[in-house]
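Below you'll find the structure, written out as structure tokens, and then a few comments.
The values are calculated or read from the model by the stated rules, or taken from the named source; none is laboratory data. In this text, all values refer to a predicted model and were calculated from it rather than measured experimentally. Because the Cβ atoms are built from the backbone with ideal geometry, glycine has one as well, and the counts that use them run over all protein chains shown. Remember, those area values only see protein heavy atoms, side chains included, never the ligands or the DNA or RNA. Shrake-Rupley method; radii C 1.70, N 1.55, O 1.52, S 1.80 Å.
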Number of protein chains: 2
Amino acid sequence: MKILIIGAYGNIGKIVTPALQQNHEVITAGRNSGDVSVDISSIASLENLFTQTGIVDAVVCTAGDSVTSDLLSMTDEKYRTGVQQKLLAQINLVITGLRYINDNGSFTLISGKMGENPAKGSSGKAVTNGAVNSFVLAAALEMPRGIRINVISPSKITDIATQDLINGYFKSIATSANGEIIRVGYN
Amino acid sequence: MKILIIGAYGNIGKIVTPALQQNHEVITAGRNSGDVSVDISSIASLENLFTQTGIVDAVVCTAGDSVTSDLLSMTDEKYRTGVQQKLLAQINLVITGLRYINDNGSFTLISGKMGENPAKGSSGKAVTNGAVNSFVLAAALEMPRGIRINVISPSKITDIATQDLINGYFKSIATSANGEIIRVGYN
């Protein structure tokens with residue numbers, strides 16, 4: 001498979017990328033590193049990304065920022081960071097990517113445990129991650145041409161077993177899973 | 001109790017408002033109707049709202065727009081409608097309202113079944129409703145001064161028994177419920 005991975009050298013990506021490279025052609029992308037530079041919060045940058053990759057079989061996104069802060073210090077602007085950088089960014093990745101993905105391809109997005117099991121200080125993450133999860137549940141019902149979409153919802157990176165994380169990505173990319181929230185490291 | 005209800009004459013509000021008025025002082029608000037006019041997507045309008053209401057015991061929001069459309073017709077702009085009009089609007093209602101609500105008061109927000117159990121064409125609603133649910137789960141952990149926050153997640157209005165809806169709002173406003181997604185009319 002020809003697989004595009006965004007955030008290829010981030011905390012999650014640096015674990016997943018080498019595992020994918022063992023059996024697939026992997027195009028790496030990131031804000032400041034990888035084969036192609038991309039700012040996923042920009043639709044123009046996403047369009048440029050796919051113009052450079054051409055048609056792919058799988059799109060994996062392990063990137064997306066949101067703000068951690070006490071509730072009473074959160075502001076409209078801080079919530080918007082996650083909405084723009086992680087939620088709408090990944091939605092626009094799918095909308096744009098649908099024109100550049102093969103039949104029966106797959107999208108694998110990223111959310112996080114705080115969407116379902118929040119802790120104090122996580123409301124900015126919770127909003128973003130909960131929304132990404134719900135997007136994937138909904139979008140999976142309407143993906144055209146046999147294309148699938150799932151989301152990896154990881155716990156804190158320090159609570160995750162490497163192989164569990166890799167297995168989660170393999171499940172999304174290489175099985176019939178569709179519309180699944182793949183929880184990793186929850187316990 | 002002194003209760004502020006926003007969207008007092010909408011599909012949900014017109015059922016809930018009279019029920020609350022039986023035993024409480026109710027201030028109604030809406031975009032085009034009610035005691036006070038408010039556009040909840042505007043922080044300035046929210047500030048003006050509370051300047052007019054003064055301190056209240058409960059804030060209920062039954063308003064918030066999002067877009068219904070086939071996935072392949074959805075755009076960044078259509079997703080932003082729900083984000084702005086229903087998600088960030090209600091978050092800003094809480095942020096602003098915290099300065100105008102009594103100790104042990106309550107916020108009752110609104111999401112919808114499509115956040116958890118989406119149908120085709122609902123991705124715009126799903127994103128918004130899922131995010132509001134997660135916000136409430138997270139914010140409930142950090143509300144100050146005994147203040148509580150819950151969210152009513154209604155199914156389609158035609159699938160809801162009136163008394164179930166009213167009971168949901170009573171549960172949020174008048175019991176110790178906190179951080180609950182109160183599902184009404186699922187099935």
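Is one or more of the residues making up segment A:67-82 open to solvent by 30 Å² or more (accessible area, probe 1.4 Å) and on the phi > 0 side of the Ramachandran plot? Scanning segment A:67-82 turns up no residue that is open to solvent by 30 Å² or more (accessible area, probe 1.4 Å) and on the phi > 0 side of the Ramachandran plot.
A:L4 meets all of the listed conditions (1) within 12 Å of another protein chain (Cβ to nearest Cβ); (2) open to solvent by less than 40 Å² (accessible area, probe 1.4 Å) but one, namely (1). Can we say A:A177 is surrounded by fewer than 20 Cβ atoms within 10 Å (Cβ to Cβ), free of Cβ contacts under 8 Å to residues at least 24 places away in the same chain and outside any strand (DSSP E or B)? So A:A177 does not fit the description; no. Hey, any hits in segment A:87-110 for a residue that's closer than 24 Å to B:L141 by Cβ and touching a strand residue (DSSP E or B) at 6+ places or on another chain (Cβ under 7 Å)? Yes, that holds for at least one residue.
Within segment A:108-133, can you find the residues that are in a helix (DSSP H, G or I) and either under 16 Å from the mean Cα position of the chain (by Cα) or acidic (D, E) (or both)? The answer is A:K113, A:M114, A:G115, A:K125, A:A126, A:V127, A:T128, A:N129, A:G130, A:A131, A:V132, A:N133. The set of residues from segment A:7-35 being touching a helix residue (DSSP H, G or I) at 6+ places or on another chain (Cβ under 6 Å) and open to solvent by 10 Å² or more (accessible area, probe 1.4 Å) comprises A:G7, A:N11, A:I15, A:A19, A:V26, A:I27. Does any residue of segment B:41-58 turn out to be closer than 14 Å to B:K125 by Cα and away from chain A (no Cβ under 13 Å)? Looking for residues that are closer than 14 Å to B:K125 by Cα and away from chain A (no Cβ under 13 Å), one finds none in segment B:41-58, hence no.
Is one or more of the residues making up segment A:88-107 surrounded by 24 or more Cβ atoms within 10 Å (Cβ to Cβ), at the interface with chain B (Cβ under 7 Å from one of its Cβ atoms) and over 18 Å from the mean Cα position of the chain (by Cα)? No, the conditions are met nowhere in segment A:88-107. Against the numbered list (1) in a loop (DSSP other than H, G, I, E, B); (2) more than 9 Å from chain B (Cβ to nearest Cβ), A:F170 comes up short only at (1).
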